[in-house]
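Visitor: Can you keep this structure in mind? I'll have questions shortly.
The values are calculated or read from the model by the stated rules, or taken from the named source; none is laboratory data. Bear in mind that the values here come from a model prediction, so they are computed numbers and not experimental data. Note: ideal-geometry Cβ built from the backbone for every residue, glycine included; neighbour counts use all protein chains shown. Keep in mind that these areas ignore ligands, DNA and RNA; they rest on the heavy atoms of the full protein, side chains included. Shrake-Rupley method; radii C 1.70, N 1.55, O 1.52, S 1.80 Å.
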Number of protein chains: 2
Amino acid sequence: VSDPRVLGIDLGGTKIAVCTFTPDGRRLDRRQFQTLRGPPEGNLARIVELGRELLAGMAPLAIGVSGGGPLDPRRGVIISIPNLPGWEEVPIAERLRDAFGAPVGIENDANACAIAEHRLGAGRGSKDMVFLTLSTGIGGGLILDGKIYRGHRFLAGEAGHQVIVPGGNPCGCGNRGCLEAYASGTAIARMLSERNEGIATAKELVDRARSGDPRARRSLEDIARFLAMGIANLVYILDPERIILGTIAVAAGDLLLAPLRCEVDRLLWPAFRRDLKILPAGLGLELGDYAAFAVAPM
Amino acid sequence: VSDPRVLGIDLGGTKIAVCTFTPDGRRLDRRQFQTLRGPPEGNLARIVELGRELLAGMAPLAIGVSGGGPLDPRRGVIISIPNLPGWEEVPIAERLRDAFGAPVGIENDANACAIAEHRLGAGRGSKDMVFLTLSTGIGGGLILDGKIYRGHRFLAGEAGHQVIVPGGNPCGCGNRGCLEAYASGTAIARMLSERNEGIATAKELVDRARSGDPRARRSLEDIARFLAMGIANLVYILDPERIILGTIAVAAGDLLLAPLRCEVDRLLWPAFRRDLKILPAGLGLELGDYAAFAVAPM
């Protein structure tokens, strides 16, 4: 009755998920709630409440937190969460350690996804891999020489903000021409609205392409072309073995990945193409939950 | 009379330098010769001859080879040297080990320069740094989490071939719009020839700018603008503490680096700018010699 459990918390500006896992990474239970506005206390109290409910009184073996914003994994502090004023310098690791009596690991969500894909998903067995979220925005996580690479300010992997078109589309970050301004969910929705073909979101686009609509397929090919520019740059810089793509790539599969692979091949020198694999996230649309699990210190 | 010596060999398609060093990295002697065309044997014999002469019969403590082309540092094999047909799969580590009876380390020149700058130059004390050669071409070497990052195929760091202007200037690599096609010595010479201001080379440009010529200064600012685009992309991806630049940046100093730093700052989010230093190579124009020393296994 008292098998050990790991608690995983996926903490975003829109929703917060709390899950329990077996120590080898099988997800057991899941709760989710809309992130509460205001100071962090309300959300922290709700996380603790749901965690205790799922654990039925047991202490967890370890706790992992995947946070949707900049944070300091060494100190266990969330620096901020986009669109969530009031979250500033929140010592979440300490708070959860006090509440549950277990060690806590925290990591930003793109890094946590990279770690999860490396340990449990499409990155297993690779030493050098790049993970890109393809969601509302484009974040990145780098596994280099077999472990997460965080950078000097824990900001490494912002590959969505490399400029692929100088002076191009305005990006939410304030710059122009970022990869994120061409191949994220937000950018795709804007492109679709300009094309005025009666498709509003990346999800609808994928559904229409899957049903054979040639215009939808062409739109996916256009997105693949921009995405390939960013990926080829990453390959020249990092020479990874695998590129693993989340959310939109998981939904679209080869409708996006087939033209993407062609285009990346066209941009790369032959030596860089050897063994290079571009894959959808192996943990699929549940990657966010597993990302939190994967950063629990065990 | 028999203080231990380290042998450093800087092996390029144009010239080959052979130097001796004290184990703590003081350069003692230097010989250089024009790379001989044809199969590798002639060059290898000359390297051994000059090395023996410099060592005066002593066995070296260790040997470092910095090679101007793709190579396999694990096997100690040079895969090729650009513009030097006949050099294919040359087991140089084995050949030198047999000739001198000492352990041999080999590394491509951009990586070797990064290692040398990290150990002895402007990178000392940093954990995450990017080195860029700014020479005929633009190569890169990445020190991440305190050690050289080579990538899956030992090709990491080709930051000169990220595309900064899609469809832009043709690059020697066959692609268009690479950073190298805008900010390398070759690209600068082409730009100068188009501007027809009576300046032919990057070196002349720097001399003219130093003497106050406003057009030469403007040309350096234009180069800085392109270089900044490539560097900002690298910072978003790798979040390094330092960016260290060779050759042309060493010659130009703040005439290039001052506008470069301004422009990089303009392109980066404030969080990435904290502590970021953009510096000329601390080992200056002798970096190539020290690069060979720095990869000797000790």
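Visitor: Output yes when any residue across the stretch B:198-205 is open to solvent by 10 Å² or more (accessible area, probe 1.4 Å), of a type in the set (D, E, K, R), closer than 22 Å to A:V130 by Cα and at pLDDT 95 or above, and no when none is.
Guide: no
Visitor: In the stretch A:1-54, how many residues are more than 27 Å from A:L120 (Cα to Cα) and among the β-branched types (V, I, T)? Give the steps one after another, and end with the answer.
Guide: First pass over the stretch A:1-54, keeping only residues more than 27 Å from A:L120 (Cα to Cα): A:34-46, A:49.
Right, trim to among the β-branched types (V, I, T) and you get A:35.
So the count comes out to 1.
Visitor: Open to solvent by 60 Å² or more (accessible area, probe 1.4 Å) and either assigned to a loop (DSSP other than H, G, I, E, B) or at pLDDT 95 or above (or both): does that describe A:L28? Write out each step before concluding.
Guide: Details: open to solvent by 60 Å² or more (accessible area, probe 1.4 Å): yes; either assigned to a loop (DSSP other than H, G, I, E, B) or at pLDDT 95 or above (or both): yes.
Taking the combined requirement at face value, the residue satisfies it.
Visitor: May I ask you to list the residues in the stretch B:253-277 that are within 14 Å of another protein chain (Cβ to nearest Cβ) and open to solvent by 10 Å² or more (accessible area, probe 1.4 Å)?
Guide: Of the residues in the stretch B:253-277, the ones within 14 Å of another protein chain (Cβ to nearest Cβ) are B:263-277.
Those that are within 14 Å of another protein chain (Cβ to nearest Cβ) and open to solvent by 10 Å² or more (accessible area, probe 1.4 Å): B:E263, B:D265, B:R266, B:L267, B:W269, B:P270, B:A271, B:R273, B:R274, B:D275, B:L276, B:K277.
Visitor: Taking A:G76, is it closer than 19 Å to A:D289 by Cβ, under 21 Å from the mean Cα position of the chain (by Cα), of a type outside the set (V, I, T) and surrounded by 15 or more Cβ atoms within 10 Å (Cβ to Cβ)? Write out each step before concluding.
Guide: Working: closer than 19 Å to A:D289 by Cβ: no; under 21 Å from the mean Cα position of the chain (by Cα): yes; of a type outside the set (V, I, T): yes; surrounded by 15 or more Cβ atoms within 10 Å (Cβ to Cβ): yes.
It is false that A:G76 is closer than 19 Å to A:D289 by Cβ, under 21 Å from the mean Cα position of the chain (by Cα), of a type outside the set (V, I, T) and surrounded by 15 or more Cβ atoms within 10 Å (Cβ to Cβ).
Visitor: If you don't mind, there's one more thing I want to ask. Run A:V163 past the list (1) within 29 Å of B:P240 (Cβ to Cβ); (2) open to solvent by less than 10 Å² (accessible area, probe 1.4 Å); (3) of a type outside the set (G, A, S) and report the number of the one that doesn't hold.
Guide: Only one criterion is unmet by A:V163, namely (2).
Visitor: Ok, one more. Can you find a residue in the stretch B:217-234 that is under 22 Å from the mean Cα position of the chain (by Cα) and within 20 Å of B:G198 (Cα to Cα)? Before the answer, list the steps.
Guide: At the first step, the residues of the stretch B:217-234 found to be under 22 Å from the mean Cα position of the chain (by Cα) are B:220, B:223-234.
Next, from what is left, pick out any that are within 20 Å of B:G198 (Cα to Cα): B:220, B:223.
For the stretch B:217-234, residues under 22 Å from the mean Cα position of the chain (by Cα) and within 20 Å of B:G198 (Cα to Cα): present.
Visitor: Can you pull out every residue in the stretch B:169-191 that is among the small types (G, A, S), open to solvent by less than 10 Å² (accessible area, probe 1.4 Å) and within 13 Å of another protein chain (Cβ to nearest Cβ)?
Guide: B:G177
Visitor: Considering only residues that are in a strand (DSSP E or B), among the hydrophobic types (A, V, I, L, M, F, W, C) and touching a residue at least 40 places away in the same chain (Cβ under 8 Å), which ones fall in the stretch A:57-90?
Guide: From the stretch A:57-90, those in a strand (DSSP E or B) are A:62-67, A:71-72, A:77-78, A:90; that's our starting set.
In the following step, the residues that additionally are among the hydrophobic types (A, V, I, L, M, F, W, C) were identified as A:62-63, A:65, A:71, A:77-78, A:90.
Within the stretch A:57-90, A:A62, A:I63, A:V65, A:L71, A:I78, A:V90 meet the criteria.
Visitor: In the stretch B:227-252, what residues are assigned to a loop (DSSP other than H, G, I, E, B), within 14 Å of another protein chain (Cβ to nearest Cβ) and either buried (at least 24 other Cβ atoms within 10 Å of the Cβ) or touching a helix residue (DSSP H, G or I) at 6+ places or on another chain (Cβ under 6 Å) (or both)? Working first, answer last.
Guide: Going through the stretch B:227-252, the residues assigned to a loop (DSSP other than H, G, I, E, B) turn out to be B:239-241, B:246-247.
Filter once more, keeping what is within 14 Å of another protein chain (Cβ to nearest Cβ): B:239-241.
The one that is assigned to a loop (DSSP other than H, G, I, E, B), within 14 Å of another protein chain (Cβ to nearest Cβ) and either buried (at least 24 other Cβ atoms within 10 Å of the Cβ) or touching a helix residue (DSSP H, G or I) at 6+ places or on another chain (Cβ under 6 Å) (or both): B:P240.
Visitor: Name every residue in the stretch B:145-160 that is open to solvent by 10 Å² or more (accessible area, probe 1.4 Å), on the phi < 0 side of the Ramachandran plot and at the interface with chain A (Cβ under 9 Å from one of its Cβ atoms), in order of residue number.
Guide: Of everything in the stretch B:145-160, those that are open to solvent by 10 Å² or more (accessible area, probe 1.4 Å), on the phi < 0 side of the Ramachandran plot and at the interface with chain A (Cβ under 9 Å from one of its Cβ atoms) turn out to be B:K147, B:R150, B:H152, B:R153, B:L155, B:E158.
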